[in-house]
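The values are calculated or read from the model by the stated rules, or taken from the named source; none is laboratory data. Predicted model, so just to flag it, every value in this text is computed and none were measured. Using ideal geometry, Cβ is built from the backbone for each residue, glycine included, and neighbour counts are taken over all protein chains shown. Each accessible area value is taken on the protein alone, full model and side chains, heavy atoms only, with ligands, DNA and RNA left out. Shrake-Rupley method; radii C 1.70, N 1.55, O 1.52, S 1.80 Å.
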Amino acid sequence: MSQPKRVALLGATGSIGKSTLEVIRAHPGRFEISALTAWSRSDELFALCCEFAPAIAVVGPAVDAGALQSRLRERALSTRVLQGAQGLNEAAGWACDLVVAAIVGAAGLEPTLAAIRAGKQVLLANKEALVCGGRFFMAEVQAHGAQLLPVDSEHNAIFQCLEGQHRGAVSRLILTASGGPFLRTPSDQLARITPAQACAHPNWVMGAKISVDSATMMNKGLEVIEARWLFDCPVDKIEVVIHPQSIVHSLVAYRDGTTLAQLSHPDMRVPIAHALLYPERGASGVAALDLARQPALTFEQPNLQRFPCLRLALDAARHEGDYPLFLNAANEISVAAFLKRQLAFTDIHRVNAETMAQARGREPGSLDDVLELDTTARRIAAGLVEQISC
Ligand code: NAD
Ligand code: MG
């Protein structure tokens, strides 16, 4: 057998992190874990270190790294425990063949950039990197010879539908969206939606933040921006279509009238296995579709009145510059406030729109620019949350 691929997994305790480890477990001898990171769940990270014996493990400042290091030593493990942002950057640039960027939110930007600058193959789940600084991140990918392999299911589907095709013949990229749990909820009930209801996605099991983003359809808006950079495609050639069954994960339409699609059960292990094993294919642990038993596949246009966050994100995508960044930062603040019950579901859009209105179209040219603009936008959004919630 060939040498195992060495994997640094950033965000090992999250939803994507866990699915990644499930796929890796299904391929004994094929992968070796070189680094694992978790922000707060140190017991979980300890158990994963015992199982995978990585060279390094990284925890957030809230966790006592020394205590974790001692526990690992008692188990005779040589894993070195690092802490905080610097530890994450070290993990991302560590001797490995691929880095899985699965930290949620803007916190994932710096380590993703560190992996890109180390010229790694980066399995990109953290969509925020391209949303906040797409032009800058893609220039860094070029400059350092890194390779981005999309893990987001829609982008992974498009990546598969583009492979081996003539790029000049593409007429549209079509992103599918389930429409989330409130696709048919009467609009006058949306203000009373609870976090538990918003997190109960009909088809996918995901982290809390992205589940709420699916319920507002902000997630699809962020994905349009992600696709714009990942596939170097103008925004007006990217279309969103509602597909409540989440079986068709996205499509590419070609000039000759052909549309290619990628289909599977809605389970993130499918795109993760594709990216981990690329360019080969292997088991993901998910069964193939049984088409004759499948419920009918339906498609409809999104209603931008019902999903104003999608409209906002499409506006941000067209404006470029710091608009997507302001929107993303505001959305992280407003969703966190909604999850803490400080904001109503419908106030998420209000905070996002009012914050985005303060963007000025500045184009971030460095990570410092991105982080500075991000801090400004968060401050504005936090102020709005305070005003609205009292
Ligand atoms: P999650 O909340 O389940 O897990 C997030 C991980 O990030 C955890 O390991 C956590 O320890 C770590 N983390 C959180 N805050 C951190 C910080 N400040 N510093 C360092 N690490 C931190 O999130 P998830 O659902 O797995 O999503 C991860 C990323 O993948 C997101 O960008 C999301 O948009 C994207 N994504 C997720 C899915 C999905 O199905 N879950 C699908 C497509 C894309
Ligand atoms: Mg997605």
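Hey, does region 153-169 have a residue that's of a type in the set (Phe, Trp, Tyr), open to solvent by less than 20 Å² (accessible area, probe 1.4 Å) and either outside any helix (DSSP H, G or I) or modelled with pLDDT of 95 or more (or both)?
no
Are any residues in region 98-108 touching a Pro at 6+ places or on another chain (Cβ under 9 Å) and open to solvent by 10 Å² or more (accessible area, probe 1.4 Å), and if so, which ones?
103
Within region 171-187, restricting attention to residues that are open to solvent by 20 Å² or more (accessible area, probe 1.4 Å) and away from ligand 1 (no atom under 16 Å from the Cβ), which residue is modelled with the lowest pLDDT?
187
Under 6 Å between Cβ atoms, at least 6 apart or on separate chains: pull out the pairs that start in region 205-222 with a residue that is aromatic (Phe, Trp, Tyr) and end on any residue that is away from ligand 2 (no atom under 11 Å from the Cβ).
No pair meets every condition.
Residue under question is residue 163, and the condition is that it be over 29 Å from residue 311 (Cβ atoms) and either in contact with a strand residue (DSSP E or B) (Cβ under 9 Å, 6 or more places away or on another chain) or not small (Gly, Ala, Ser) (or both); does it hold?
Here the answer is yes, as residue 163 does meet what is asked.
In this structure, does residue 146 turn out to be open to solvent by less than 20 Å² (accessible area, probe 1.4 Å) and touching a His at 6+ places or on another chain (Cβ under 6 Å)?
Spelling it out, it is not the case that residue 146 is open to solvent by less than 20 Å² (accessible area, probe 1.4 Å) and touching a His at 6+ places or on another chain (Cβ under 6 Å).
Residues being open to solvent by 50 Å² or more (accessible area, probe 1.4 Å) and within 16 Å of ligand 2 (Cβ to nearest atom): count how many of those fall in region 188-207.
Selection size over region 188-207: 2.
Might you let me know whether region 100-107 holds any residue that is at pLDDT below 95 and either in a helix (DSSP H, G or I) or among the hydroxyl-bearing types (Ser, Thr, Tyr) (or both)?
Yes; the residues of region 100-107 include at least one that is at pLDDT below 95 and either in a helix (DSSP H, G or I) or among the hydroxyl-bearing types (Ser, Thr, Tyr) (or both).
Report whether or not residue 91 is in a strand (DSSP E or B), in contact with a strand residue (DSSP E or B) (Cβ under 7 Å, 6 or more places away or on another chain) and either open to solvent by 20 Å² or more (accessible area, probe 1.4 Å) or touching a residue at least 24 places away in the same chain (Cβ under 8 Å) (or both).
The answer is no for residue 91.
Mind checking whether some residue in region 277-289 is touching a strand residue (DSSP E or B) at 6+ places or on another chain (Cβ under 7 Å) and either open to solvent by less than 60 Å² (accessible area, probe 1.4 Å) or β-branched (Val, Ile, Thr) (or both)?
Yes, some residue in region 277-289 is touching a strand residue (DSSP E or B) at 6+ places or on another chain (Cβ under 7 Å) and either open to solvent by less than 60 Å² (accessible area, probe 1.4 Å) or β-branched (Val, Ile, Thr) (or both).
Contact list please: Cβ distance under 7 Å, first residue in region 144-155 and closer than 16 Å to residue 19 by Cα, second residue within 7 Å of ligand 2 (Cβ to nearest atom) and open to solvent by less than 20 Å² (accessible area, probe 1.4 Å), pairs at least six apart or on different chains.
152/223
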